[in-house]
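Have a look at the structure below, then the notes.
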Protein chains: 2
Amino acid sequence: MEASAVTWAILGLIRQRPMSGYDLKRAVDRTIRHFWAASYGQIYPELRRLEDAGWIEGADAANGGRSRRLYRLTDAGRVALEDWLHGHETRLELRDESLLRLFFADALPPEEALGLLAARREGYRMMLAYLRGLDDGTGPDPPFVDVVYRWGLDHCEWGIEWCDRQERRLRQSS
Amino acid sequence: MEASAVTWAILGLIRQRPMSGYDLKRAVDRTIRHFWAASYGQIYPELRRLEDAGWIEGADAANGGRSRRLYRLTDAGRVALEDWLHGHETRLELRDESLLRLFFADALPPEEALGLLAARREGYRMMLAYLRGLDDGTGPDPPFVDVVYRWGLDHCEWGIEWCDRQERRLRQSS
DNA sequence: TAGTGCATGTAATGCGTTACATGATTTC
DNA sequence: GAAATCATGTAACGCATTACATGCACTA
């Protein structure tokens, strides 16, 4: 089984409870999407591959005339997931168009360049609002789910302050 | 001209001085790579497209028997770059395998789960060392180039402290 | 003279999104 | 009965990396 990015997201999520492809997409969007997105075009083919490999098992769970296929983790899948969890790789890939603009902002008049810093701050604000909106108040999450959620909030708050600091610094030094 | 991700990186970099494809790859790796990577497979075809569109102009600059083609920004290219710089979009795409692991770490025994936090901290440390290594001490950078470099450093330092804080918090609450 | 760096490029492959097609069920 | 939601899936496309091929020039 050739594991790829989306493999672990799926295994990890259906470990909590059996899910359909549709469920998975929603779970991804509600939880890990801000640092790891996944689309139907990845999820459905990956479910096939995972079932072929014996890491998950699908069962028909039609709801009246509405077809539905629920997948659950097999023992082999559980082992694979735990193996991956023990990995300690930490390469992080960032793609941040706002930083790219900022990097070239010296080509703009100073006031407009500072505007890009303000725009970045606004981006963090919107992300923060989005993350706060995810909190549906349904009781306490497991500790590490909570840690990752906090990371999102803390990261945005840090980013907002960072933009403020830099704007002040640049205004003073000019 | 259908502009894509790599378009702006190239235009922005050759705005500073004319460059070859090879130069561009090196410039990308030395400056923006930690938040916006680009490979030869993107750069060379994109140079063609940009020249066809009239945003850059290539000139032969062979070095003895070693062929070399230097590209410079045209007026049209300068205008296109500045238009893009005025944009205020700020969607940031993150892909962070370490956060994904952390999110599922509740499946591990507590001590091992905490190990993932330590591993993340180590990742920030390595990135920080990498960024510090980029500073070749060649005098002051333009203000916004410097701002983005600082962002990298500050972000790593924040990340290290964040991991520390979370580790302490989780150890206390358990 | 062997290794490294300069320099250009392409082909194969993989990753991921978008847009579309289809149809049932629930809710207003 | 219209609209939203549940549910599955694929085809086309675009973005990006990796690996390879080629050859010159410098330096140890």
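Considering only residues that are farther than 23 Å from B:Gly152 by Cα, within 11 Å of DNA strand D (Cβ to nearest atom) and touching a residue at least 24 places away in the same chain (Cβ under 8 Å), which ones fall in the stretch B:29-47? Even if it seems obvious, please write down each step before you answer.
In the first step, residues of the stretch B:29-47 are kept if they are farther than 23 Å from B:Gly152 by Cα; the result is B:40-47.
Among the residues that remain, those that are also within 11 Å of DNA strand D (Cβ to nearest atom) are: B:40-46.
Hits for the stretch B:29-47 are B:Gln42, B:Ile43, B:Glu46.
Scanning the stretch B:55-100 for residues that are of a type in the set (A, V, I, L, M), under 22 Å from A:Glu97 (Cβ atoms) and part of a strand (DSSP E or B), which turns out farthest from the other protein chains (Cβ to nearest Cβ)?
Of everything passing the filter in the stretch B:55-100, B:Ile56 is farthest from the other protein chains (Cβ to nearest Cβ).
Checking the conditions here, which among B:Ile14, B:Ile43, B:Ile32, B:Ile10 is away from every other protein chain (no Cβ under 14 Å) and at pLDDT 95 or above? So that I can check it myself, show each step before the final result.
Working: B:Ile14 fails: away from every other protein chain (no Cβ under 14 Å); B:Ile32 fails: away from every other protein chain (no Cβ under 14 Å); B:Ile10 fails: away from every other protein chain (no Cβ under 14 Å).
Exactly one residue qualifies, and that residue is B:Ile43.
Which one is farthest from B:Gly21 (Cα to Cα) among residues in the stretch B:64-88 that are within 16 Å of DNA strand D (Cβ to nearest atom) and either in contact with a helix residue (DSSP H, G or I) (Cβ under 6 Å, 6 or more places away or on another chain) or at pLDDT 95 or above (or both)? Before the answer, list the steps.
Just the residues of the stretch B:64-88 that are within 16 Å of DNA strand D (Cβ to nearest atom), to begin with: B:64-70, B:80, B:84, B:87.
Okay, now just the ones that are also either in contact with a helix residue (DSSP H, G or I) (Cβ under 6 Å, 6 or more places away or on another chain) or at pLDDT 95 or above (or both), so B:69-70, B:80, B:84.
Working: B:Arg69: 8, B:Leu70: 8, B:Ala80: 20, B:Trp84: 22 Å.
Per the stated criteria, the residue is B:Trp84.
Of (1) more than 16 Å from DNA strand C (Cβ to nearest atom); (2) assigned by TED's automatic domain parsing to the domain that holds A:Arg17; (3) surrounded by 13 or more Cβ atoms within 10 Å (Cβ to Cβ), A:Arg49 satisfies all except one. Which?
(1)
So how many residues does the stretch B:126-174 have that are acidic (Asp, Glu) and at pLDDT below 95?
Initial filter on the stretch B:126-174 (acidic (Asp, Glu)): B:135-136, B:141, B:146, B:154, B:157, B:161, B:164, B:167.
Going one step further and asking which of them are at pLDDT below 95, we end up with B:135-136, B:141.
Number satisfying all stated conditions: 3.
Can you tell me which residue within the stretch A:56-79, out of those that are among the hydrophobic types (A, V, I, L, M, F, W, C) and within 16 Å of DNA strand C (Cβ to nearest atom), is surrounded by the fewest Cβ atoms within 10 Å (Cβ to Cβ)?
Let us first name the residues in the stretch A:56-79 that are among the hydrophobic types (A, V, I, L, M, F, W, C), namely A:56, A:59, A:61-62, A:70, A:73, A:76, A:79.
Still in the list and also within 16 Å of DNA strand C (Cβ to nearest atom): A:61-62, A:70.
On the way: A:Ala61: 12, A:Ala62: 9, A:Leu70: 16.
Top of the filtered list is A:Ala62.
Go through the residues of the stretch B:18-28 one by one and say whether even a single one is over 22 Å from the mean Cα position of the chain (by Cα), away from DNA strand D (no atom under 12 Å from the Cβ) and more than 11 Å from chain A (Cβ to nearest Cβ). Please lay out each step first, then the result.
Going residue by residue through the stretch B:18-28, those that are over 22 Å from the mean Cα position of the chain (by Cα) are none.
Scanning the stretch B:18-28, I find no residue that is over 22 Å from the mean Cα position of the chain (by Cα), away from DNA strand D (no atom under 12 Å from the Cβ) and more than 11 Å from chain A (Cβ to nearest Cβ), so the answer is no.
Quick check: anything in the stretch B:92-101 closer than 30 Å to A:Arg33 by Cβ, surrounded by fewer than 16 Cβ atoms within 10 Å (Cβ to Cβ) and away from DNA strand D (no atom under 16 Å from the Cβ)?
Just the residues of the stretch B:92-101 that are closer than 30 Å to A:Arg33 by Cβ, to begin with: B:92-101.
Still in the running and surrounded by fewer than 16 Cβ atoms within 10 Å (Cβ to Cβ): B:93, B:95.
Narrowing the set further to residues that are away from DNA strand D (no atom under 16 Å from the Cβ) leaves none.
Among the residues of the stretch B:92-101, not one is closer than 30 Å to A:Arg33 by Cβ, surrounded by fewer than 16 Cβ atoms within 10 Å (Cβ to Cβ) and away from DNA strand D (no atom under 16 Å from the Cβ), which makes the answer no.
The values are calculated or read from the model by the stated rules, or taken from the named source; none is laboratory data. Keep in mind that this is a model prediction, so the values were computed, not measured. Backbone-built Cβ (ideal geometry, glycine too); neighbour counts: all protein chains shown.
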